[in-house]
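Peer 1: Quick one: the structure is below, questions incoming.
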Amino acid sequence: MRVVLFAGPGGVGKTTVAAATAAHAADHGVKTLALSADSARSGEIGGLAPALTELGLDAPGWEDLIGLPGLEGLLTLLALDEEIRNGPWDLVLVDLPDLHRLLALPGELERLLARLLPVERRLGLALRNQEALVAAVDRFNARLTAVRTALTGPEVSVRLVMTPEAAVLESTRRLFTAFTMSGFAVDAVVANRVFPASPEATGWQADQVRAQEAVLAEAEAGFAPVPLLRAGYSQPDAAALGRDLYGPVPGLPVPPVDSVGIDRTDGGFTLRVPIPLARRENLDLGRRGDDLIITVDGYRQVLPSVLRRCRAGSAALREGALTVSFTPDPAEFPARWTR
């Protein structure tokens, strides 16, 4: 099953482009599901009922908790996981606000649960006859793992939407960096609301066309080899916009992902993290226990356990990749790994 995640700065027509993609795919006989943020379901929350009953509480429904911050997005991700695993679809299109931060939520919750309920604390709860609570947490954690696995599969990609304006291009660059740093493949950038070039254009319209073309040329060069698709103003409906955008081809392949890598060196190890288009002044590195925390333009990526029993060394940003050297801590690192 092919999954396309639509993202972009606010107000660029992301939902319109997603709808046009869905209409175009359906016209080509592709069984398509378009998923938005309004996908929360009613009914009992599976996995919580045993623990809540053990604590003397009633199991709530989705509608009882829907007002909690971030929960609607989490429920949508859980619904998306179910559709990916069990749905009859050939293509799933996801249009959610603040998508990058939402996609990071399962991993953040997994790390939080690991800190709040480590193995020794779970054993303590089990000894105090709180097995139901431990089992409920384990089931919830398994669902989070399944969501994260489904959203980083080989058939999942991100499609960024922008308008040909300089400020929007800068925001789109930051999103491109954030998604790539998080391990997602960007299959295309869609430039929406592009004025058609016309030899008859004069005055304001001619100036607007020239300004847009300058931004588009910069975007095409900056995002290469990722293709830049153009969507104009003049199409009468979503299906027509989809044909204009994609032509006779209903889909785009998932490009290869430049993933995080670790290499052995004479003195230790080198970590390589792809962060294309990032600028040195917008990059920040931190450490929390064994985790390495990378922040670029406010977007954070946590690489857990890469510094276990190691000391961090120098860092450099070159050719769209961050490299960090680290050496084994002789007080903690097994001697056989340092040879």
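Peer 1: So what are the ³J(HN,Hα) numbers for the stretch 318-331, from phi and the Karplus equation (6.51, -1.76, 1.60; θ = phi - 60°), rounded to whole Hz, Gly and Pro as x?
Peer 2: Per residue, the Karplus-derived 3J(HN,Hα) values read 9, 6, x, 9, 9, 10, 10, 8, 8, 10, x, 7, x, 6 Hz.
Peer 1: Using amide H atoms built 1.01 Å from N in the peptide plane, name the residues 5+ places from Ala321, or on other chains, whose amide H lies under 5 Å from its own.
Peer 2: Close amide H contacts, sequence-distant or interchain: Ile275.
Peer 1: Could you pull out every residue, at least 5 positions away or on a different chain, whose amide H is within less than 5 Å of the one on Leu229? Hs are placed 1.01 Å off N in the peptide plane, and Pro or chain starts have none.
Peer 2: Correct list: Val189, Val190, Ala191.
Peer 1: Taking θ as phi - 60°, what are the ³J(HN,Hα) couplings along the stretch 172-178 by the Karplus curve (6.51, -1.76, 1.60), each to the nearest whole Hz, with x for Gly and Pro?
Peer 2: 3J(HN,Hα) across the stretch 172-178, in whole Hz: 5, 4, 5, 5, 4, 4, 5.
Peer 1: For Arg309, what residues show an amide H to amide H distance below 5 Å, using hydrogens built from the backbone and excluding near sequence neighbours?
Peer 2: For Arg309, no residues qualify.
Peer 1: Thr323: net charge of surrounding residues, Cβ under 12 Å, Lys/Arg +1, Asp/Glu -1, itself excluded?
Peer 2: Net charge around Thr323: 0.
Peer 1: When the Karplus curve 6.51 cos²θ - 1.76 cosθ + 1.60 is applied with θ = phi - 60°, which whole-Hz ³J(HN,Hα) does each residue of the stretch 220-237 get, with x for Gly and Pro?
Peer 2: 4, 6, x, 8, 4, x, 5, x, 9, 9, 10, 10, x, 7, 8, 6, x, 8
Peer 1: How about the stretch 203-249: which trypsin sites (Lys or Arg not before Pro) there lie in a loop by DSSP and see at most 12 other Cβ atoms within 10 Å?
Peer 2: Passing both the DSSP loop test and the Cβ count: no residue.
Peer 1: Just add up the charged neighbours of Pro196: K/R +1, D/E -1, any other residue whose Cβ is under 12 Å from the Cβ of Pro196.
Peer 2: Here the count lands on -1.
None of the figures in this text is laboratory data; all of them are computed from the coordinates on show. Predicted model, so just to flag it, every value in this text is computed and none were measured. Reconstructed Cβ throughout: ideal geometry from the backbone, glycine too, with neighbour counts over all protein chains shown.
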